Every structure is written in structure tokens, then in C-alpha cells.
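Student: Once you've had a glance at the structure underneath, I'll fire off some questions.
Values quoted throughout were computed directly from the atomic coordinates according to the rules given, and no laboratory measurement underlies them. Treat the numbers as computed from the prediction; the structure is a model and nothing was measured. Counting neighbours? That spans all protein chains shown, and the Cβs are built from the backbone with ideal geometry, glycine included.
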Amino acid sequence: MIPVYSVAQIRAVEAQEKSKRGETSLMKQAAAHLASTAVAMLAEGHSTEPAFVVALIGPGNNGGDGLYALAELQQQKISTLALQCHEQINAEAAAAYQAAGGTILDLSDGDGELANASLVIDAIYGLGYRAGSDVPSVPAGVRVLACDVPSGLDPETGVAQDSVLRAERTVTFGAMKAGLLSVDGPLVTGEITVADLEFDFSSVQPGTQLVDEQAARELLDQHRSWRDAGRHKYQRGVLGLIAGSDLYPGAAQLTAKAAVACGVGLLRTHVPDSIQPLMAVSVPESVPLDDEQIKEALSFSRRQIHGKSAKIKAWAIGPGLDGRTPPTGAIADVFASPQPAVIDASGLDVVPAGPSEQPRVLTPHAKELRMLLGRAGVKITPDELSQDPIRWTRWAALAYNAVVLLKGPTSYIVAPNGDSLMVSHSAPELATAGSGDVLTGILGYMLSDSSLTGTEGLRTVPNRRMMELTACAAYIHGHLGRVTAADGTVNASRLIDNLPKVMKQFGF
Ligand SMILES: NC(=O)C1=CN([C@@H]2O[C@H](COP(=O)(O)OP(=O)(O)OC[C@H]3O[C@@H](n4cnc5c(N)ncnc54)[C@H](O)[C@@H]3O)[C@@H](O)[C@H]2O)[C@@H](O)CC1
């Protein structure tokens, strides 16, 4: 997992390192990372033209990094140009660049060269950015590599000004900054690399942690039990799906298909009678579940407290459900049961707030999160939520005593004790109808697999594990979006088609 720090935390550690190692030496180390990424990007470009790298240079140390990086590129016989965007620039770095044969021009004299660049390094503002800065534009189609933080993006909040310089890649120094992953960050950073400057963060507690591919694999391996092999379907996981209405007949089918594509042991579906025939045709693997059978399953589970298998291991509640009336009877009993549950879409309209015995994950997008908070007596505006999503997700996790996954370009996963994880998708592929239903199917499947949740009988799943599995499901879902987008436009059915292959890549 990649720890994520606030600007204040990074500044404090940086100050210590500067006093030990000197500012120039840190800048040169940062510049070496920047230059090697520039070289890698040029190599990927496969251009037959000689490379030409232009850097936009700002007034602070970010500009200093840019100048030292250009000096390195000059030494590698790559043609470069520095465009000075402010009256003052770092004098020592400028002298080093000129000594390496580099040329510095005022932006207004040299901006025509931007169109000829094979690559533009954005070294205008980094950690010292303040809103309202002048950020020049780069001609469309020219590749941009951001030094530390894209200029125009607030490294703390992730809010970008309109003229932000969107990058294809960002090399960020020392540690991952919260703003690169929040709000607008994922839309403007491109691929992020954290350049290790060997800073000592041992006495600093990160605000949250980013789950990347390696972390998702490690978490799954850590939770997976060797008992997995050779189990029969009731041990492999039985998922109860409560979903569907005449208004939204498709959502239940998408969630069901996704769970089946993941390899769920058995899927039981509680859908309205009008949808059942559709379900029988589109998901023949699913077995209907009526109110009476739900009650039986719950009672069977209660009696098996010390036994090996509860008949329904986990619940997925909500896709396409008619959320206008609060649940009664068997469905209300499910909300009060101790099996883990993922609750999505209209299920969020009816999930009770307050303490609950059920280990549960709520998976709202931004509007649904505001609705959940409103039901718990906390009214916030869309702006308030977008300024500090993790804070409000914490409130919801506390109010509903649940792990809450706030879905978006960056997803935040927060446990009731305030611990949190992040998953960043960067790409917009998953913003398509039905994509959330697929995530519910993936997570429902994972919660039904006791070799992952560690449940036998009714031993409850700790919130930490619920949070980690939710982050893994969100990571897999994002990866699925990228895989699917690689060879065509994305829709929920195509996501489901690719699911068996992607799940296999993650060891399922
Ligand atoms: N954090 C670290 O550990 C390291 C940081 N380094 C670099 O240092 C950078 C931070 O350096 P600085 O603190 O000099 O910050 P910047 O390089 O981001 O400089 C910004 C400068 O622009 C000014 N400024 C910002 N907004 C303005 C506005 N709207 N109008 C006018 N002036 C404005 C600021 O006052 C500051 O002087 C990092 O982003 C990174 O690139 C690296 O050199 C090495 C390690």
C-alpha cells in the first residue's frame, strides 16, 4: 500500500531532510528521477524526429527541479529549452543548466517552441502552488510530464483551477500527496510515479493509504485460505441477492451475472415475480429465493453458529430495488442478520442508520452519500462533499456503523473507526450505467467466500477485513474498466464478459 500524506506532513519531513542533506542535493536527486522519466517517455514515443524537450520553469524549487532535469538531458545529448514563466527563477539551477549548454528564454519570447516539443516538462508550481496562479497553456496533442504536481492543481485538496496543465505522467517526490488522488487530481495527473528520495516518514502517520495493484494482490493473498482448494459449492460461497423491480429489471440481472462470472458457489436471487422468468433465462445459474426460504436460511444460519457452513454466507442488497418503502418481513430480517452484506443503489434508501450487528459495506456515489448523510441528520452541499470527500465518508461510516465505499474517479473506503483506504482509477471508463451493479456482484461474491472473509459458521467479519476486501473489489473493478476499454467502448455487459479473465489474474 502507498501511504498518502498531507502537504504539511511532507513539508515537515522535507525540512528535516533539507537540513541533513542540503536543498540542492535533494533537488538534483528529484531532477534525476524527472529526467529518467522524460527519457522513458521519449523512447515510448517512437518518433523518428530528434527529441526536443521544453520545460516551463516557475519561481520556486519546482522550477529548480525542472532546470536540473534539463541539464541532465543536455548531458545525454537531448536538445532542450527552458521557458521562464516568472521574473525570478532558482539562480543556482539556472547556472547549472546554462553550464550544461542549455538556453533560457522568457515564456513570451519562446512560447512558439511549445508546439515543436516532443515533450513538455511542467515545472511551474509544485507544493508551493496557490490558487489563481498564471498557468500557460500547451498546444493540444503535446505530451506533458508534470514535476511533482501538475501546475494549477492544489496538492492538498485536489481542486484544480480551469487552466490546470493536464499531464500524461506525474513524477512526485518523496511521498504521495493527498491532492494528487482527490477531487480533480485523478483527472489531471495521468500516471503517477512516486520517486523515492529516501525520506524518513517513520514518525508520521499517513492520513490514508492507496491500494495499487500490488497491494490488492497482497491483501487477497494474505486473506486467502489454503483451505480454498477442493471445496464444494456451499463452502465456496452462497450469495443471496435481493434486487430488482419493475422499474429497473436490468440491474438485478447485471449484479447476478457479475457474481456468477466471478465464480460464486451458488447464487440465490430474491427478485419480484415479474422479473423471475427473465432471470431464469439470462442467469440460468441462479436459484430463486422467496420470503419463506429467506427466513429458513436465516434460521438455519443461526442454528449453525458452531457448524461449518451457514447456508447463505453473504447478501447483496439493492440493485434496481424499489427503495420507496422501508423493508419489512424477511428483508428486514436480512438487515438484522449477522452475515456480511453489500448494500448499494436503492438499498441505501432503506438501510437503517445506527448500530448494527451486520458487517456491512455501503457503496454510494456522491449523491447517494449526501442522501445517506441527510437521513442521519447531516445536511451537506455537493461543494462541501467535493472539497473534503474523505471527511464526509467518515461521517457516514460512523453514522451507519458500516464500511462506506464512496465511488468516483478516486474511491474512498472508510471503516467506522475512521481508518481509510483509497483506490484511484484515473480513467472515466466506469462512468457507465450498470457499472455499479457489476461492482456489487464482485464484492457480494467476495463477501460470500469464507476463505476470504475468514468466517466459519457465524464468526463475524472484522471491519478491517471488510474494508480491505472492499478496496480489493474496487481495485479489480477499476482494472476491469481499463482492460475492457483497451479494445472498445465500455458497457456493463462487456465488463461482465471480461470478468472471468480478470478475476483469474487476481488469483480466483
Ligand atoms: N517536497 C520535497 O521533499 C522536495 C521538493 N522539491 C521541489 O520543491 C517544490 C516546492 O518548492 P517551493 O516551496 O519553492 O514551491 P514551488 O516550486 O511550488 O514554488 C511556488 C512558488 O511560486 C509562488 N507562487 C505560488 N502561487 C503563486 C501565485 N498565485 N502567484 C504568484 N506566485 C505564486 C510561491 O510563493 C512559491 O515561491 C516541490 O513541489 C518539488 O518540486 C524537490 O526539489 C526536492 C524534494
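Student: Any idea which of SER118, VAL378, ALA345 is furthest toward the positive side of the dipole for the chain, if Lys and Arg beta-carbons carry +1 and Asp and Glu beta-carbons -1?
Tutor: Going by the Cα projections, it comes out as ALA345.
Student: Right, another one. Less than 19 Å from a label point 7 Å out along the Cα-to-Cβ axis of ALA366: which backbone N atoms in region 173-196 qualify, by residue?
Tutor: Backbone N within reach: 178-190.
Student: Do any trypsin sites (Lys or Arg not before Pro) in region 439-508 lie in a DSSP loop with no more than 16 other beta carbon atoms within 10 Å, and if so, which?
Tutor: The qualifying sites are ARG459.
Student: For the charge dipole of the chain, defined by +1 on Lys and Arg C-beta atoms and -1 on Asp and Glu C-beta atoms about the Cα centroid, which residue among LEU165, ILE89, ALA366 has the Cα displaced farthest towards the positive pole?
Tutor: ALA366
Student: Express in nm, to one decimal, how much length is gained between GLN505 and ALA140 on full extension, taking 0.36 nm for each residue of separation and deducting their alpha carbon distance.
Tutor: 127.8 nm
Student: Now for a separate question. Run the dipole for region 213-505 about the Cα centre, Lys and Arg Cβ at +1, Asp and Glu Cβ at -1, nothing else charged, and hand back the magnitude in debye, nearest 20.
Tutor: Value, rounded to 20: 700 debye.
Student: Here is a follow-up. Residues of region 413-449 with amide nitrogen under 18 Å from the 7 Å Cα-to-Cβ point of ALA486?
Tutor: Answer for region 413-449: 425-430.
Student: Next question. How long are the semi-axes of the equivalent ellipsoid of region 2-208, taking √(5λ) for every eigenvalue λ of the Cα gyration tensor, in whole Å from largest down?
Tutor: That gives 25, 19, 16 Å for the three semi-axes.
Student: Here is a follow-up. What 222 nm value per residue comes from the helices of the chain, counting each DSSP H run with n ≥ 4 as -39,500 (n - 2.57) and dividing by all residues, nearest 500 deg cm²/dmol?
Tutor: -12500 deg cm²/dmol
Student: Tell me, in nm to one decimal, what length is gained between PHE52 and ALA115 on full extension, where the rule is 0.36 nm per residue of separation less the Cα-Cα distance?
Tutor: Full extension from PHE52 to ALA115 adds 21.6 nm.
Student: To the nearest 20 debye, what charge dipole does region 149-216 have about its Cα centre, counting +1 at the Cβ of each Lys and Arg and -1 at the Cβ of each Asp and Glu?
Tutor: 120 debye
Student: While we're here: Could you pull out the trypsin sites (Lys or Arg not before Pro) across region 346-391 that fall in loop regions by DSSP (anything but H, G, I, E, B) with no more than 10 other Cβ atoms inside 10 Å?
Tutor: LYS379
Student: Check the straight Cα-Cα distances from LYS295 and name the lysines below 17 Å, setting aside those fewer than 8 residues away within the same chain.
Tutor: Of all the lysines, those that pass the test against LYS295 - Cα under 17 Å, at least 8 places apart if same chain - are LYS311, LYS313.
Student: Normalised by the residues of the chain, what does the relative contact order come to in percent, with Cα pairs under 8 Å and at least six apart?
Tutor: Computed value for the chain: 13 percent relative contact order.
Student: 7 Å from Cα along Cα→Cβ at both GLN88 and GLU23: what's the point-to-point distance in nm?
Tutor: 1.0 nm
Student: Give me the dipole magnitude in Debye, nearest 20, for region 282-440 about the Cα centre, with unit charges on the beta carbon: positive for Lys and Arg, negative for Asp and Glu.
Tutor: Charge dipole, region 282-440, about its Cα centre: 420 debye, nearest 20.
Student: Enter the angle in degrees (range 0 to 90, nearest 10) between the Cα long axis of helix 389-399 and the first principal axis of the Cα atoms of the chain, meaning the one along which they spread out most.
Tutor: Once rounded, the angle reads 20 degrees.
Student: To the nearest 0.05, what FRET efficiency results for ASP322 and ALA280 with a Förster distance of 22 Å applied to their C-beta separation?
Tutor: About 0.60, to the nearest 0.05.
Student: Another question about this same structure. So how tilted is helix 7-21 from the main axis of the chain? Cα-based, degrees 0 to 90, rounded to 10.
Tutor: Rounded to the nearest ten degrees, it is 50.
Student: So what's the angle, to the nearest 10 degrees on a 0 to 90 scale, between helix 249-262 and the longest Cα principal axis of the chain?
Tutor: Long axis of 249-262 versus the principal axis of the chain: about 80 degrees.
Student: So if each residue of separation counts as 0.36 nm, and I subtract the Cα-Cα distance between ASP388 and ALA95, what length gain in nm does that give?
Tutor: 101.3 nm
Student: Lys/Arg Cβ at +1, Asp/Glu Cβ at -1, dipole of the chain taken about the Cα centre: which of LEU34, LEU70, GLY354 is farthest positive-ward?
Tutor: The residue sitting farthest along the positive end of the dipole is GLY354.
Student: Could you work out the mean projected area of the convex hull around the alpha carbons of region 213-505, in square nanometres to one decimal?
Tutor: Mean shadow area of the hull around the Cα atoms is 14.1 nm².
Student: Once you treat every alpha carbon in the chain as an equal point and sum by Debye, what is log10 I(q)/I(0) at q = 0.05, 0.13 Å⁻¹?
Tutor: One equal scatterer on each Cα of the chain leads to -0.23, -1.13.
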